[in-house]
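Visitor: I am attaching a structure below and will ask some questions about it afterwards.
The values are calculated or read from the model by the stated rules, or taken from the named source; none is laboratory data. Since the structure is predicted, the reported quantities are computational estimates derived from the model, not experimental observations. Cβ atoms come from the backbone with ideal geometry, glycine included; neighbour counts cover every protein chain shown. Just the protein is used for accessible areas: all its heavy atoms, side chains included, with ligands, DNA and RNA removed. Shrake-Rupley method; radii C 1.70, N 1.55, O 1.52, S 1.80 Å.
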Amino acid sequence: MRDLTSGSERNQIFRFALPMLIGNLFQQFYNIIDSIIVGNFINKEALAAVGASFPVIFTLISFVIGIGSGATIVISQFFGGKEYDKVVRAIDTTFIFMFFVSIIITTLGLIFGEEIFGLLQLPEDLLPQAMVYFSIYIGGSFVFFGFQTTSSILRGLGDSKTPLYFLMIATIFNVLLDLLFILVFNMGIAGAALATVISQGGAFITAIIYLNRTHELIRFSFKGMVFDKDIFKKSLRIGLPTSFQQSFIAIGMTALMGIVNQFGTNVIAAYSVGMRLNSLATLPAMNFGSALSMFVGQNLGAGKIERVRKGYLSTLVMSAIISVIVSIVVVLFGSQLMSLFTKDTSVIAIGSEYLLIVGSFYIIFSVMFSTIGVLRGAGATIITMISSLLSLWAVRLPIAWWLSGEIGYEGIWWANPIGWAVGLAIVLAYYLSGRWKAKGVVATRPN
C-alpha cells in the first residue's frame, strides 16, 4: 500500500499511474488481440460483430462499474484518514454488492441481448456471430466484476502493482487461448470470447488466493464478510452520479453504434477497430486522471489542499506531453495500425480517416481527464456526470446524427472531438470555481 500524502507530487502520481497504465494496456490487449486474431483469421464480418457487441456489453456493466468507482474513492479517503476499520468494512461491502449484482447483469444480458441488437439495426448477417460473442462474454461477467473490483480496491489502498502482475499473466494466457481456440480448435468467434472469460477468471481466482494469504486488509470469504449500510450509502452518494453517468454514456455509445450500423459492414468494422485504437491511445490520459483521483482522495482526507493543486498541475504537464506524442503516432501511422487488424482495403481507408480526425485532438481529452481526476477524487462526481452527459447527449449524438446525414459517416468521427471540447469547458469552469474542495467524505483538516 502506498501513502500518497507526502513526497514529490509529480513522482507520486507518475509512480502510481505507471503500473496502472501498464495494467490497463494489458487489459486493452484483451480486446485488441481478440480483434486482431478475429479480423485476420476469421473475417471482417466477425470483426464487425465483435465491435458491435462491446457497446451493448458496456451498457449492461456500466452502472455497476460506477458504484465500484464510488467505493474506491471512499476506501482511498478512509485509508488517507487512517480509519482502517472502515477500510475493511468498505471492502467487504463492495465485494458483497458486486457478487449479487453480477448475477442480475448476466441474467438480463442473456434474456434481452438479441432484442437489443435488433433495436440497434445491426445487419442481419452480423447478428448470429454478435450474439455468440456477446452471450459468452456476458455469461462470464461474474469473474469480470470480481477481478475489476479486486484491482480497484487495491488501487484505492495505493497498490497499483499487484493488479498489474495478475493482469499480465491473464493477458498472456488470453493470447495463447485465442490462438488455441481459433487456429487449432476452429471455434471461430466463440473461441475469442471464451478465451477472454477463462483468462479473466483465472486472474481473479489467482488474485484472491494470493490476497487471502498475504494481504493485511483484504480477505475474500463470504463467511466472514459484513455488509455496512452506512458505508454503502457513502459509496452510493459518490458512486451513483458516476453510475448514472456511465450508464447514460453507455446508452449513448450504443445509440451511436446504431448510427454507425446504418452504413454497413465496412464502416462497422472500421469503427470497431478505430474504437480499439482510440481506447488504447487515450489510456495514458485516463490513467493519469485515475491516479490523480487517488492522490486527491488521500490528500483531501489528510487535509493537504495545496498538494492537490500541485498534483493537478504536474498531471496536466505529464499527460499533455504523452497525448501529443500519441497523436503524432496515430495520425502519421493510421493506415499501418489499421492493417494489423484486417487486410480489407476499404476498411483500412475508412478507419484511417477516423484516426486522422479523432487522433488530432487527444490533447483536449488529456486536459479534460486530468481535471475530472481532481473532481472525482474530491467526491464532486455530480459535475463530472453533468459534463459527460451534456457532451455526449447534447453535443456528440446530435452532431453525429446531423453530420452523418450531411457528409456521411465522417460526420460521426467529427462529433467526437467536439464533444470533448464541451466536456472540458464544463469541468474546467467548475475546478476554477474551487467548490470541489468541500466534497470529501472525510472532513478536510487544515495543514
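Visitor: Being over 18 Å from the mean Cα position of the chain (by Cα), at pLDDT 90 or above, farther than 30 Å from residue 168 by Cβ and open to solvent by 10 Å² or more (accessible area, probe 1.4 Å) narrows it down to one residue among 198, 259; which is it?
Guide: Going through 198, 259 in turn, the sole match is 259.
Visitor: Here is a follow-up. Restricting attention to the range 368-386, which residues are of a type in the set (Val, Ile, Thr) and closer than 16 Å to residue 308 by Cα?
Guide: 371, 372, 374
Visitor: Could you tell me whether the range 35-42 includes any residue that is over 22 Å from residue 284 (Cβ atoms), open to solvent by 40 Å² or more (accessible area, probe 1.4 Å), hydrophobic (A, V, I, L, M, F, W, C) and not in a helix (DSSP H, G or I)?
Guide: yes
Visitor: Which one is surrounded by the most Cβ atoms within 10 Å (Cβ to Cβ) among residues in the range 295-305 that are hydrophobic (A, V, I, L, M, F, W, C) and within 22 Å of the chain's Cα centre (by Cα)?
Guide: The extreme case among them is 296.
Results for (1) in contact with a Leu (Cβ under 6 Å, 6 or more places away or on another chain); (2) surrounded by fewer than 19 Cβ atoms within 10 Å (Cβ to Cβ); (3) modelled with pLDDT of 90 or more, shown as yes or no for each residue.
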{"residue": "377", "(1), (2), (3)": "no, no, no"}
{"residue": "382", "(1), (2), (3)": "no, yes, no"}
{"residue": "392", "(1), (2), (3)": "no, no, yes"}
{"residue": "402", "(1), (2), (3)": "no, yes, yes"}
{"residue": "408", "(1), (2), (3)": "no, yes, yes"}
{"residue": "424", "(1), (2), (3)": "no, no, yes"}
{"residue": "430", "(1), (2), (3)": "no, no, yes"}
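Conditions (1) buried (at least 24 other Cβ atoms within 10 Å of the Cβ); (2) in a helix (DSSP H, G or I); (3) under 16 Å from the mean Cα position of the chain (by Cα), marked per residue:
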{"residue": "16", "(1), (2), (3)": "yes, yes, no"}
{"residue": "22", "(1), (2), (3)": "no, yes, yes"}
{"residue": "31", "(1), (2), (3)": "no, yes, yes"}
{"residue": "51", "(1), (2), (3)": "yes, yes, yes"}
{"residue": "59", "(1), (2), (3)": "no, yes, yes"}
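Visitor: Another one. Kindly establish whether residue 205 is open to solvent by 70 Å² or more (accessible area, probe 1.4 Å), within 24 Å of residue 90 (Cα to Cα), assigned to a helix (DSSP H, G or I) and modelled with pLDDT of 80 or more.
Guide: yes
Visitor: Looking at (1) in contact with a Ser or Thr (Cβ under 7 Å, 6 or more places away or on another chain); (2) farther than 30 Å from residue 86 by Cα; (3) hydroxyl-bearing (Ser, Thr, Tyr), which is the only condition residue 345 fails?
Guide: (1)
Visitor: While we're looking at this one, here's another question. Has the range 240-253 got at least one residue that is open to solvent by less than 10 Å² (accessible area, probe 1.4 Å), closer than 23 Å to residue 26 by Cα, of a type outside the set (Gly, Ala, Ser) and in contact with a helix residue (DSSP H, G or I) (Cβ under 8 Å, 6 or more places away or on another chain)?
Guide: No: the range 240-253 contains no residue that is open to solvent by less than 10 Å² (accessible area, probe 1.4 Å), closer than 23 Å to residue 26 by Cα, of a type outside the set (Gly, Ala, Ser) and in contact with a helix residue (DSSP H, G or I) (Cβ under 8 Å, 6 or more places away or on another chain).
Visitor: Of the conditions (1) more than 21 Å from residue 408 (Cβ to Cβ); (2) in a helix (DSSP H, G or I); (3) not hydroxyl-bearing (Ser, Thr, Tyr), residue 303 clears all except one; give me its number.
Guide: It fails just one condition, (2).
Visitor: For the range 125-159, name all the residues that are of a type in the set (D, E, K, R) and under 15 Å from the mean Cα position of the chain (by Cα).
Guide: 155
Visitor: Regarding the range 123-140, can at least one residue be identified that is farther than 30 Å from residue 260 by Cα and open to solvent by less than 30 Å² (accessible area, probe 1.4 Å)?
Guide: no
Visitor: Another question, then. How about the range 306-343: which of its residues are over 24 Å from the mean Cα position of the chain (by Cα), closer than 25 Å to residue 400 by Cα and either of a type in the set (S, T, N, Q) or open to solvent by less than 50 Å² (accessible area, probe 1.4 Å) (or both)?
Guide: 335
Visitor: Still on this structure, please answer the following. Quick check on residue 167: is it part of a helix (DSSP H, G or I), closer than 28 Å to residue 100 by Cβ and of a type in the set (A, V, I, L, M, F, W, C)?
Guide: Yes, satisfied.
Visitor: Can you list residue pairs whose Cβ atoms sit under 8 Å apart, with the first residue in the range 416-435 being touching a residue at least 12 places away in the same chain (Cβ under 8 Å) and hydroxyl-bearing (Ser, Thr, Tyr) and the second being open to solvent by 20 Å² or more (accessible area, probe 1.4 Å) and assigned to a helix (DSSP H, G or I)? Count only pairs 6 or more apart in sequence or on different chains.
Guide: From residues that are touching a residue at least 12 places away in the same chain (Cβ under 8 Å) and hydroxyl-bearing (Ser, Thr, Tyr), the pairs are 430/383.
Visitor: Is the range 309-320 home to any residue that is assigned to a helix (DSSP H, G or I), at pLDDT 90 or above and among the β-branched types (Val, Ile, Thr)?
Guide: yes
Visitor: Any residue in the range 335-349 that's more than 18 Å from residue 263 (Cβ to Cβ): show its pairings with residues that are in a loop (DSSP other than H, G, I, E, B) at Cβ separation under 8 Å, as long as the two are six or more apart or on different chains.
Guide: So the pair list comes out empty.
Visitor: If a residue must be aliphatic (A, V, I, L, M) and under 30 Å from residue 91 (Cα atoms), how many such residues does the range 155-188 contain?
Guide: The number of residues fulfilling the criteria is 7.
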